[in-house]
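Asker: Sharing a structure below in structure tokens format, with a few things to ask.
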Amino acid sequence: MEIIKADHLSKLFGPVKAVDDVSISVKEGEIFGFLGPNGAGKTTTIRMLTGVLTPDSGSAQICGIDIHTNPLEAKMNMGVIPENGTVYSDLTAEQNILWTAKFYGMDSISRKERADELLRHLGLTERRNDIVRTFSKGMRQRVSIACAIIHSPPVLFLDEPTGGLDVYSRRLVIDTVRIMNGKGSTVLITTHNIEEANELCTTISIINKGSIIATGSPEKLKKTFDTAKYVEIAFEQPVKKELFVHEGISRVETHGDKMRLYTDDPDKAVKYLAALAEQQQVKILSIATSNPTLEEAFVQLTAGA
Amino acid sequence: MMDLKIFARSILMVTEKNMRIYYYKGSVVIFGLLFPFIMFLTFFIGRNLDLVLFFPGFLGMMLFFSSSSTGPLITPWEKREKTYERLLSLPVTLESIILGDIMAGALFGVVITTIVWIASSAILHLPLKNAGLLAVTVLLGAFTFAAMGTLLSSPAMSNPSNVMMLSSLVRLPLIFVSGIFIPLSQLGSWEWILTSLSPLTYLVDLFHGALNGDAVYPPWFDGVILVIVILLFIACAKLIQQRNLVKGN
Ligand SMILES: Nc1ncnc2c1ncn2[C@@H]1O[C@H](COP(=O)(O)OP(=O)(O)OP(=O)(O)O)[C@@H](O)[C@H]1O
Ligand SMILES: [Mg+2]
């Protein structure tokens, strides 16, 4: 069953097409990753899906409930960590969590139990009675997570939940997402960390300039770009970039002291490079071929953004 | 049915949040009590005004200021602090946020005004003609001006000092055109038109009826006007906030 469904969502901000005809469909139990460069339209899409922003056109459904015609019921089914949103800094960690829980009609015993459990799990037990204003960014984000999952929602929206967090907080967030998913929550997450997406998500959509340009499992996305392999080479002396303009080499990038040459045929490229070194009388320090990672797929897809 | 329950709950939760964060603060309460006292000293002392005659106007001004003082700032504060976005993603609608903001302002106004009325009655031997009407008046007035405060918070401004200015610009002049300093019965026709445009006029008139029994309009008339004004303020606040939801700010 489709738990999150967006149909032709569009949003203009003045002349900026922030989101242009985006449709997505996330099935029950999935962890759906939303990847894209800065300004691609990820946050705008999530805001429309969570009822925080009214779309210019298109519709969105959460668990089959339309978010714009039936916002209360739709929102009962979701937990959200907004990108630009935080918990109340004048309340304590526990007050924030308990207050949020009341919105979902949880009784006082289950509110308390669940809050205790989450505070413990998120390492906040000792600071539970401190005003959030005194918290670090990572601790605030953990309170935010607790508020988002206090009611064990069927759907979780997380907009860059790990942005700016240290390794410990990041792991805690990722583990929590996994646990919630294991308990049946469907997750939509945006991140800039491609390895994180690769490791966590069952499906990934890549969005650029307001439009979705690719969707698939991480492995499938990587395979799509299997054709775009590269050769990485380091010479003893600098070599002019123009010399790499050659049939079969599609793109050249400098990576520190190495040159990275994208090609359909690494074998042929290596032979050409060997001949080139011979001809220019420069020594090759190292040479390696590699299959692209998800990061490569991402960079290629969103090139020129 | 289910929706109605969620809706009612969301209004209460927004009210609770507002009371805790924005009203239940020493500074807000002290200012709420001190401000009318200062106003009282400024306008009444040394002018040889009849205290009993002017007390209904004073109480109206009191309720007006206390119910509408903090409301204009809540949404701008929340937008600046970035808690607004999270609030919107909880099971709320714009209506529940608007009504929750109004409830909190009204509650604060009722509490402050009641304290002031009890204290003043104890000291000044004030008349009370109709206790039931007084209760209704306090409630109606509190909601009217809390709704005004919420309307003032609706334009998209995340800068609270802009809102403060707008709020003062709208609220301060009202006290001079509402029959507080000059009884309605003594106004010329030109002044009368101006006064009848101010909702505060009808609240002050109701207070006159409830306390001194010298109202100019029948109470039902004042009441109906205030109810219409409340609905109008809510509708405008909703319209403006809906537009903000489209513009994304
Ligand atoms: N409220 C707004 N008013 C005007 N323009 C906006 C508004 N919100 C977003 N935009 C514009 O819409 C585009 C998409 O922004 P959005 O925040 O959705 O990107 P994003 O993919 O989340 O980027 P990031 O990775 O940096 O968070 C950008 O060009 C942005 O400037
Ligand atoms: Mg974003």
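Asker: Could you give every pair whose Cβ atoms fall below 7 Å, whose first residue belongs to the range A:140-154 and is facing chain B (nearest Cβ under 10 Å), and whose second residue is of a type outside the set (F, W, Y) and assigned to a loop (DSSP other than H, G, I, E, B), counting only separations of at least 6 or pairs across chains?
Answerer: From residues that are facing chain B (nearest Cβ under 10 Å), the pairs are A:S144/A:T86; A:S144/A:V87; A:C147/A:V87; A:H151/A:M106.
Asker: B:G179 versus (1) open to solvent by less than 60 Å² (accessible area, probe 1.4 Å); (2) of a type outside the set (V, I, T); (3) part of a helix (DSSP H, G or I): which is the lone unmet condition?
Answerer: Looking at each condition in turn, B:G179 falls short on (3).
Asker: Further, regarding this structure: State the number of residues belonging to the range B:199-220 that are outside any loop (DSSP other than H, G, I, E, B) and either charged (D, E, K, R) or surrounded by 14 or more Cβ atoms within 10 Å (Cβ to Cβ) (or both).
Answerer: Number satisfying all stated conditions: 15.
Asker: With the condition being in contact with an Asp or Glu (Cβ under 8 Å, 6 or more places away or on another chain) and polar (S, T, N, Q), I'd like the strands (runs of 3 or more DSSP E) fully within the range A:233-305 carrying at least 1 qualifying residues.
Answerer: A:249-255, A:284-290
Asker: Sticking with this structure for a sec: In the list A:T100, A:T86, which residue meets the criterion of being within 16 Å of ligand 1 (Cβ to nearest atom) and of a type in the set (S, T, Y)?
Answerer: A:T86
Asker: Follow-up question, since we're still on this one. Which of (1) surrounded by 22 or more Cβ atoms within 10 Å (Cβ to Cβ); (2) modelled with pLDDT under 90; (3) assigned by TED's automatic domain parsing to the domain that holds A:Y88 does A:A148 not meet, given it meets every other one?
Answerer: So the condition that A:A148 fails would be (2).
Asker: Can you tell me how many residues in the range A:19-57 are within 14 Å of ligand 2 (Cβ to nearest atom) and within 16 Å of the chain's Cα centre (by Cα)?
Answerer: 16
Asker: Pick out the one residue from A:K11, A:K75 that is within 11 Å of chain B (Cβ to nearest Cβ), within 16 Å of ligand 2 (Cβ to nearest atom), in contact with a helix residue (DSSP H, G or I) (Cβ under 8 Å, 6 or more places away or on another chain) and open to solvent by less than 10 Å² (accessible area, probe 1.4 Å).
Answerer: A:K11
Asker: I want to confirm something. Restricting to the range A:47-65 and keeping residues that are farther than 11 Å from B:L245 by Cα and open to solvent by less than 10 Å² (accessible area, probe 1.4 Å), which single residue is nearest to the other protein chains (Cβ to nearest Cβ)?
Answerer: Top of the filtered list is A:T50.
Asker: Continuing with the same structure: Can you pull out the residues in the range A:149-164 that are away from ligand 2 (no atom under 16 Å from the Cβ) and farther than 14 Å from A:R178 by Cα?
Answerer: Residues satisfying the conditions are A:I150, A:H151.
The values are calculated or read from the model by the stated rules, or taken from the named source; none is laboratory data. Given the structure is predicted, the values throughout are model-derived calculations rather than measurements. Ideal geometry is used to build each Cβ from the backbone, glycine not excepted, and the neighbour counts take in all protein chains shown. Side chains are part of the model used for accessible areas, which takes the heavy atoms of the whole protein and leaves out ligands, DNA and RNA. Shrake-Rupley method; radii C 1.70, N 1.55, O 1.52, S 1.80 Å.
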